[in-house]
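Visitor: Structure incoming, see below.
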Amino acid sequence: MTDSRSMNAAPNIIRLAEYERFPYAVESVDLTFDLHATKTRVTQISVWKKITTGVTSLELNGKDLKRISVKIDGELVDESRLVEIDESLLIRQVPDAFTLEVVTQINPEANTALEGLYLSNGMF
């Protein structure tokens, strides 16, 4: 099955003059998957370091997922610091260097885009 939106959508063009360097360096990423056909839990632990001054928030992108928890340096991030907009999560007031833990739930069986983790013929 083909998603006609992706087939007909114009490519997202980014010109060199418009490019902005990502304000953080990701020093390490650890992913853990608790596999289930309809409720897979993904735990992502990453170490971040700010490389641009004046930045106080971090924006993460994700599609078709349910946020379970967000922790910075082992502490649960207060909901007042989290803003969900479309397919993005904005985390406000992040330190210059930190360990981020994000736990999400995804549904591989419902992933018909066949991107990321999906279930096909009983296999992930």
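The values are calculated or read from the model by the stated rules, or taken from the named source; none is laboratory data. All of these numbers come straight from a predicted model, not from anything done at the bench. Because the Cβ atoms are built from the backbone with ideal geometry, glycine has one as well, and the counts that use them run over all protein chains shown.
Visitor: Scanning the stretch 14-33 for residues that are of a type outside the set (Gly, Ala, Ser) and more than 17 Å from the chain's Cα centre (by Cα), which turns out modelled with the lowest pLDDT? Break it down into steps so the answer makes sense when it comes.
Guide: We begin by selecting, within the stretch 14-33, every residue of a type outside the set (Gly, Ala, Ser); these are 14-16, 18-24, 26-27, 29-33.
With more than 17 Å from the chain's Cα centre (by Cα) added as a condition, the list becomes 14-16, 18-21.
On the way: Ile14: 77, Arg15: 86, Leu16: 86, Glu18: 84, Tyr19: 83, Glu20: 83, Arg21: 86.
Looking at residues that are of a type outside the set (Gly, Ala, Ser) and more than 17 Å from the chain's Cα centre (by Cα), I get Ile14.
Visitor: Also, quick follow-up: Cβ-Cβ below 9 Å, separation at least six or inter-chain, first residue in the stretch 8-37 and over 26 Å from Asn107 (Cα atoms), second of a type in the set (Ser, Thr, Tyr) and at pLDDT 95 or above: which pairs?
Guide: Short answer, once both residue conditions are applied: Val26/Ser46; Glu27/Ser46.
Visitor: List pairs: first residue in the stretch 53-74 and outside any strand (DSSP E or B), second residue polar (S, T, N, Q) anywhere in the structure, Cβ distance under 9 angstrom, at least six positions apart or on different chains.
Guide: If the second residue must be polar (S, T, N, Q), the pairs left are Thr56/Gln93; Gly62/Ser88; Gly62/Thr104; Asp64/Asn107; Asp64/Asn111; Asp73/Thr99; Gly74/Thr99.
Visitor: Would you be able to tell me the number of residues in the stretch 75-124 that are assigned to a strand (DSSP E or B), more than 29 Å from Thr53 (Cα to Cα) and at pLDDT 95 or above? Quick ask: steps written out before the conclusion?
Guide: Of the residues in the stretch 75-124, the ones assigned to a strand (DSSP E or B) are 75-76, 82-85, 88-92, 97-106, 120, 123.
Those still in the list that are more than 29 Å from Thr53 (Cα to Cα) too: 104-106, 120, 123.
This time we only want the ones that are at pLDDT 95 or above, so: 104-106.
The total comes to 3.
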